[in-house]
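What follows is a single structure, written as structure tokens, with notes after it.
The values are calculated or read from the model by the stated rules, or taken from the named source; none is laboratory data. Computed from a predicted model, the values in this text were never measured in an experiment. Reconstructed Cβ throughout: ideal geometry from the backbone, glycine too, with neighbour counts over all protein chains shown.
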Amino acid sequence: MIRSDTRAVSIALNYTIAIGITTILTTGLLISAGTLLESQQERVARLQADEIGGDLLRQADRLDRINESTASSETTVQLEYPSTLLGRSYTVSFQPRADRFDDVEWTLRIDSPELSVESVYPVPERIDVAESSTRGADLQLSQCPNGNITFEGC
Amino acid sequence: MVTRDSRGQTILIMAILFAVIVLTTVILLNTLHAPANVQTQSQSSGLEDVELTEAQVANDMERLFLVHTSVATTGEPLPYVEADGGPDSRFGDVVENTSDLDAALRASESGAVVRVRYNATRSQEGMLVRQNDSTREFTYDGYSPSDQNWTVLDDAEGLPRFSMNVTEAPDDSDSPFEVVVDGGNELTFDDDGVEGAGVDCELSYPIQVDATAGIGTISNETEVCGTFDLEPPDSFDLTFENGSEVTGTYTVSGVDADAAGSDIDSNTYDWQHATDDDVIVNPAFDVQYTEPAITHNATIVLYDEGSQ
């Protein structure tokens, strides 16, 4: 009577199961970690954009106050923000109102297409701005003699 | 079942898989940067310094102007005031000298360079009327004693300064003393205090009134009562009515204003009661502020509504 010998099958099965389980676990880990990190990246980019946007509005407000206290003035300030958001370039601009802020005349936008980030902030009515945009690196904000605040110099 | 021969292969495969997991995790984490610090504090302090500097310059220039035009609280003329040329004759030089001294101090303190220049083109001329004897009435000597109303400024186009210290109140039975701006508001002084132009102040005398561009405060030695607005129109007369009922000191300046009576001498330096015609009543200054990250050029008109 010939006895069946399953030893070879057992080794192969062992390998297959071990590699299979490890692969499934690893793939799951990588996918979940990737998704988590991606959402964290976007969150960090938005936080950084928020910080830049908030500070830009503060600077614009201060420039407006300086202008209000004089008969006429021209001021330019060089701003030192990170030149990239998470390694990607970004643009800041003053643009006419967005849908979400239809009760204000102007908005400040920070967008980085590569990161799918576009942050929009309302510009207070009393601050006069001119439509303008610039890249994040070497950013300067100017308040011109006509009272308008712009990113593109007077 | 793992035999002894295959154990090494299994360990090797697991080690490779572990290394792949670690490397992948490192690569993914490497793309997650911590946000670089936005240097908001240093930037806002730079512009804040501009604001503070400008306020200091305005304050310094006002004191310089008051001293130079000799209508500061002492009312004493300084040696460099040239009476025959009017109070503004050498003011530009004085401003420049002061600015040079100030710039040297500021540069050593903050690294910013600040220059101030007198701007004759933007400065406004007009008429200055003042009295520094607190025992005298609010009337003009050249008028008939029976005439209770005195047109202090005639056809003025601005009211840079308006300050009064009314030392003695009208009696209950007297007519109240009134400061009337034609086309604007009026302040009424009676035995209870001051009212009108947006205030109702029951204050004890002496009462101080201090306004720039028609807007100012009413106070006495212990209390600040409120803010009034005379709302001077583009062209107006300013009149003291029933000025013989009160006593005190005052300084009133009007842009492009005339003396109402032909008997009022211009450019007189009688410090008890003087009216100066065609003098600088609202000086302007150019301010230049420079530091590595900020360039700022501004013109300050000292007694403009927005320049204080």
Tally, over the range B:1-32, of residues that are at pLDDT below 80, more than 9 Å from chain A (Cβ to nearest Cβ) and within 30 Å of A:ARG43 (Cβ to Cβ): 3
Selection within the range B:121-136 - among the acidic types (Asp, Glu) and not in a loop (DSSP other than H, G, I, E, B): B:GLU125
Out of A:LEU37, A:LEU56, A:LEU63, sole residue that is closer than 30 Å to B:ILE27 by Cβ and either at the interface with another protein chain (Cβ under 7 Å from one of its Cβ atoms) or crowded, with 22+ Cβ neighbours inside 10 Å (or both): A:LEU37
Pair list, Cβ < 8 Å and 6+ apart or interchain, from the range A:34-60 residues that are charged (D, E, K, R) to residues that are part of a helix (DSSP H, G or I): A:GLU42/A:LEU115; A:GLU51/B:THR40; A:ASP55/B:THR40; A:ASP55/B:GLN43; A:ASP55/B:SER44; A:ARG58/B:THR40; A:ARG58/B:SER44
Single unsatisfied condition, A:ARG88 versus (1) closer than 18 Å to A:ASP61 by Cα; (2) basic (Lys, Arg); (3) surrounded by fewer than 15 Cβ atoms within 10 Å (Cβ to Cβ): (1)
Count of residues meeting criterion [facing chain B (nearest Cβ under 10 Å) and in contact with a helix residue (DSSP H, G or I) (Cβ under 8 Å, 6 or more places away or on another chain)] in the range A:40-53: 3
Of residues in the range B:219-231 being in a strand (DSSP E or B) and more than 17 Å from the chain's Cα centre (by Cα), the one surrounded by the fewest Cβ atoms within 10 Å (Cβ to Cβ): B:VAL224
Which numbered condition B:LEU203 misses (of (1) touching a Gly at 6+ places or on another chain (Cβ under 6 Å); (2) outside any loop (DSSP other than H, G, I, E, B)): (2)
Residues being part of a strand (DSSP E or B) and either modelled with pLDDT under 75 or in contact with a Lys or Arg (Cβ under 8 Å, 6 or more places away or on another chain) (or both) - total across the range B:254-279: 7
Among residues of the range A:66-95, those that are farther than 30 Å from A:GLN41 by Cβ, touching a residue at least 24 places away in the same chain (Cβ under 8 Å) and either more than 10 Å from chain B (Cβ to nearest Cβ) or charged (D, E, K, R) (or both), counted: 1
